[in-house]
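Undergrad: The following block contains the structure, expressed as structure tokens.
The values are calculated or read from the model by the stated rules, or taken from the named source; none is laboratory data. From a predicted model like this one, the values you see are computed outputs, not experimental measurements. As a convention, Cβ positions derive from the backbone with ideal geometry for all residues, glycine included, and neighbour counts pool all protein chains shown. The protein model used for the area step is the full one, side chains on, heavy atoms only, and it has no ligands, DNA or RNA in it. Shrake-Rupley method; radii C 1.70, N 1.55, O 1.52, S 1.80 Å.
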Amino acid sequence: MSASDTGGGNARAAILGSVRKALGRGPLAGAAREALESGLNDPAPNLIPARAQLPHAAQVDLFVAMAEEVKASVARVGSDAGVPAVVADYLAQHNLPTDIVMAPDAALDAYPWAARPLLRLRRGKAEETDAVSITGALLGIAETGTLLLTSAAERPTTLNFLPATHIVVLRAEQIVGAYEEGWALLRRQGSPPGDGGFMPRTVNLITGPSRTADIEQRMQLGAHGPRQLHIVIVGGEEG
Amino acid sequence: MEPISHAFKDNARRGLADPNLQRALARLKTGFQERRTIAAARLPEFEALRSQAKEIKDRTLANLDFYLERFEAKVRETGGEVHWCQTPAEAREAILRICRAAQAKSVTKGKSMVAEEIALNPFLEANGIEPVETDLGEYIIQLADEYPSHIIVPALHKTAEQISELFLDRHRQYGNTQRLEEVRELVDEARRIIRPRYVAADVGITGANFLIAETGSTAIVTNEGNGDLTQILPKVHIVIATLEKVVPTLDDAATLMRLLARSATGQELSTYTTFSTGPRRADDLDGPESFHVVLLDNGRSKMLGSEFQDVLRCIKCGACMNHCPVYGAVGGHAYGWVYPGPLGAVLTPFLVGIEEAGHLPNASTFCGRCEAVCPVRIPLLKMMRYWREREFEAGLGAPALRRGLALWAWLAKRPALYRPLTALAIALLGALAPRRGALAHLPLATGWTRDRDLPAPEGGTFQARWRARQGRGARTAA
Ligand code: SF4
């Protein structure tokens, strides 16, 4: 445990002591402490921008516009049956390999991959040699065209970063307005609900493909993570 | 790194004379400044969010002990460890202990200004552990053996040509012998060379933009994805962060997220915002097996309750330096340490001492653009003035300036003398520069007039003009 092996029991007490001295009080107790605790156990959102509070169809449109603005590509498909074809077309158009590593996620089983036998799918985490990955997402967040992905046994995080092409398939109903709707969903899904233990190991908010402007402030896609981010939205108005 | 802030004047002169740096700085204006303006204008709630962000940070600082304890408890509950460290030396030791326990030979690093603050890389090297910077800008300056000139864009001062030269020289060991011309090629080569290092590293070290008390999560914001590969591939993930990074809830982090990238680069949101909570779960297929947070004080608890408390709200967006005319003229290296620009002018004297960094709070035109863009409304000018006062009280500063200020203070308290003497001074200055309206040289102030002209005063003293104006009645008062 850290306190003993850093000799940091002292450091901890000294730092907290120094903070309290600066604040001119001892440890918080009583009503003041309870108020702060309930603020953490039952958190409330702050100001949420109007753009994140549109009707659902407009939210989906905003999500698409914002994602495209940051150089993600977006395809919309009316039915589950159409998804494998959309993926195959994208790979063909960009001369990408059809060997794909896919999240072992039951949510992706809904799509009839076998109808496209040329797509060779492996289920698991990503390796260095993988060029293309397919994952789902927990949510799409309209205000900035952001995807929210969570880690789990069936959703390894390496899929989101190692392959040069990342394809994300999500349903139009999964698109919400604001980041805070993501937090609310994570809290609801967690066990026990409302406990700070609801967070998966990794929560990724992803807004477009990887980029850098570190050389002469000139933007280049594909710094360390994916060069291409392709988002397939299933269902919703446009079809 | 050892601070060289005392040499600000020489450093600044070098910056002014460096054409490559001047080109890079000129790009800040068309780049970050304009993009921030556009991003802020696109979000009607931007100003309201700034006020709310300030309020969140103030409330957190007023209860900092509570939120730190709660953060620690949640990190432990989720299987991680928190290492409290008062000094940079303690933080370096804590990190070394963790690396040793993992028998680490190499560590990958995401960009962390706190790691720069504690001079982690030379320490790891001295202990036989190779640090590999993975952020492209940090990688470049590591190869060049330099230090960051900007907190968001560490290699801002380098041209593509210089980087091409550097890569040619340092990448020969990997068999690369071609001179690269395009920025695209440079990015690709760095990607190719750093990729295997992620996999080979035993430990990954990242900073944190936020520590979430609600959940014990740490959050990083990047565009490259390097911070993510740094933390999911090695066995051990170490986060290094200072105390004031804690925020109460995920909702509070969301408010700050809406301001951070818009203020920094004018992006709506950075490409990757990643929340890390504990080590990998039992059935996860990837992710680190252990998770450590090195929580560093290094003077922050002493800033609390002082006249410098407000700077603890800083979210390290870099907007103040992007908009600063002094930074824009002399560049980041002039400031001689990790934090340049107006932020550095306030923070550096606290961290390395006013004796070393006394020039920095004076390196300001007091134009106020830094305050106007600071997303958490830090009164940077006021705090630079505090430092000037402290410097004066401590008996530091140039002797001529000190004598001048002392004389002015003595006079200002004696209106019967002050009025006629200032009137006389104005008449004199006006007589010295009757034609051009400006003075190229001023006796006793040659240092000030070496690089600029002093506009000659016109039309009497302020007090005399004020009296005349009052005399004209309330006509203009509305
Ligand atoms: S002082 Fe304000 S503007 Fe400067 S880096 Fe910190 S938060 Fe950004």
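Undergrad: Name the pairs whose Cβ atoms lie under 7 Å apart, with the first residue in the range B:277-295 and more than 7 Å from chain A (Cβ to nearest Cβ) and under 21 Å from residue A:127 (Cβ atoms), the second open to solvent by less than 10 Å² (accessible area, probe 1.4 Å) and polar (S, T, N, Q), and 6 or more positions between them or separate chains?
TA: Every condition considered, the pairs that remain are B:288/B:231.
Undergrad: Exactly one condition in (1) at the interface with another protein chain (Cβ under 8 Å from one of its Cβ atoms); (2) crowded, with 16+ Cβ neighbours inside 10 Å; (3) farther than 29 Å from residue B:241 by Cβ; (4) not charged (D, E, K, R) is false for residue B:44; which is it?
TA: All conditions pass for residue B:44, except number (2).
Undergrad: Checking the structure you have, find out if any residue of the range A:64-79 is surrounded by 13 or more Cβ atoms within 10 Å (Cβ to Cβ), modelled with pLDDT under 95 and outside any helix (DSSP H, G or I).
TA: no
Undergrad: Let me ask you something else. Name the strands (runs of 3 or more DSSP E) wholly inside the range A:86-155 in which the number of residues that are open to solvent by 20 Å² or more (accessible area, probe 1.4 Å) is 3 or more. First the steps, then the outcome.
TA: Working: elements: A:99-102, A:120-123, A:132-135, A:139-141, A:146-150.
The qualifying strands (runs of 3 or more DSSP E) are A:120-123.
Undergrad: Further question: What residue, among those in the range B:287-296 that are open to solvent by 10 Å² or more (accessible area, probe 1.4 Å) and either at pLDDT below 95 or of a type outside the set (Gly, Ala, Ser) (or both), is nearest to the ligand (Cβ to nearest atom)?
TA: Filtering the range B:287-296 down to residues open to solvent by 10 Å² or more (accessible area, probe 1.4 Å) leaves B:289-290, B:292.
This time we only want the ones that are either at pLDDT below 95 or of a type outside the set (Gly, Ala, Ser) (or both), so: B:289, B:292.
Working: B:289: 34, B:292: 26 Å.
Looking at residues that are open to solvent by 10 Å² or more (accessible area, probe 1.4 Å) and either at pLDDT below 95 or of a type outside the set (Gly, Ala, Ser) (or both), I get B:292.
Undergrad: Further question on the same structure: Taking the criterion of being outside any strand (DSSP E or B) and touching a Leu at 6+ places or on another chain (Cβ under 6 Å), would at least one residue in the range A:175-183 satisfy it?
TA: Kept after step one, since they are outside any strand (DSSP E or B), are these residues of the range A:175-183: A:177-183.
Restricting the remaining residues to those that are touching a Leu at 6+ places or on another chain (Cβ under 6 Å) gives A:182-183.
So far as the range A:175-183 goes, yes, one or more of its residues are outside any strand (DSSP E or B) and touching a Leu at 6+ places or on another chain (Cβ under 6 Å).
Undergrad: Follow-up question, since we're still on this one. Can you tell me which residues in the range B:347-388 are in a loop (DSSP other than H, G, I, E, B) and either within 14 Å of another protein chain (Cβ to nearest Cβ) or within 12 Å of the ligand (Cβ to nearest atom) (or both)? Show your work before the answer.
TA: The initial filter retains those residues of the range B:347-388 that are in a loop (DSSP other than H, G, I, E, B), namely B:353, B:358-359, B:363-368, B:374-379.
B:374, B:375, B:376, B:377, B:378, B:379, listed by residue number.
Undergrad: Could you please find all residues in the range B:243-272 being of a type outside the set (Gly, Ala, Ser) and within 13 Å of the ligand (Cβ to nearest atom)? Give the steps one after another, and end with the answer.
TA: Let us first name the residues in the range B:243-272 that are of a type outside the set (Gly, Ala, Ser), namely B:243-252, B:255-260, B:262, B:265, B:267-269, B:271-272.
Matches in the range B:243-272: B:244, B:245, B:256, B:259, B:260, B:262, B:265.
Undergrad: In this structure, is residue B:117 acidic (Asp, Glu), touching a residue at least 40 places away in the same chain (Cβ under 8 Å) and either open to solvent by 20 Å² or more (accessible area, probe 1.4 Å) or within 12 Å of another protein chain (Cβ to nearest Cβ) (or both)?
TA: Numbers: acidic (Asp, Glu): yes; touching a residue at least 40 places away in the same chain (Cβ under 8 Å): yes; either open to solvent by 20 Å² or more (accessible area, probe 1.4 Å) or within 12 Å of another protein chain (Cβ to nearest Cβ) (or both): no.
Considered against the rule, which asks whether it is acidic (Asp, Glu), touching a residue at least 40 places away in the same chain (Cβ under 8 Å) and either open to solvent by 20 Å² or more (accessible area, probe 1.4 Å) or within 12 Å of another protein chain (Cβ to nearest Cβ) (or both), residue B:117 comes out as no.
Undergrad: If you don't mind, another one. Could you give me the residue pairs with C-beta distances under 8 Å whose first residue belongs to the range B:307-319 and is among the aromatic types (Phe, Trp, Tyr), whose second residue is not in a loop (DSSP other than H, G, I, E, B) wherever it lies, and which are 6+ apart or on separate chains?
TA: The qualifying pairs are B:308/B:346; B:308/B:350; B:308/B:383; B:308/B:386.
Undergrad: Related question: Looking at the range B:151-268, what helices (runs of 4 or more DSSP H) fall wholly within it and have at least 3 residues that are at pLDDT 95 or above and within 12 Å of chain A (Cβ to nearest Cβ)?
TA: Details: elements: B:160-170, B:183-200, B:226-232, B:250-264.
Of the helices (runs of 4 or more DSSP H) lying wholly inside the range B:151-268, those with at least 3 residues that are at pLDDT 95 or above and within 12 Å of chain A (Cβ to nearest Cβ) span B:226-232, B:250-264.
Quick grid of which residues meet (1) more than 15 Å from the ligand (Cβ to nearest atom); (2) farther than 30 Å from residue B:232 by Cα; (3) assigned to a helix (DSSP H, G or I); (4) under 13 Å from the mean Cα position of the chain (by Cα):
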{"position": "B:285", "(1), (2), (3), (4)": "yes, no, no, no"}
{"position": "B:301", "(1), (2), (3), (4)": "yes, yes, yes, no"}
{"position": "B:317", "(1), (2), (3), (4)": "no, no, no, yes"}
{"position": "B:320", "(1), (2), (3), (4)": "no, yes, yes, yes"}
{"position": "B:329", "(1), (2), (3), (4)": "yes, yes, yes, no"}
{"position": "B:345", "(1), (2), (3), (4)": "no, yes, yes, yes"}
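Undergrad: Looking at residue A:42 and the list (1) within 21 Å of residue A:210 (Cα to Cα); (2) among the charged types (D, E, K, R); (3) open to solvent by 70 Å² or more (accessible area, probe 1.4 Å), which single condition is not satisfied?
TA: For residue A:42, the failing item is (1).
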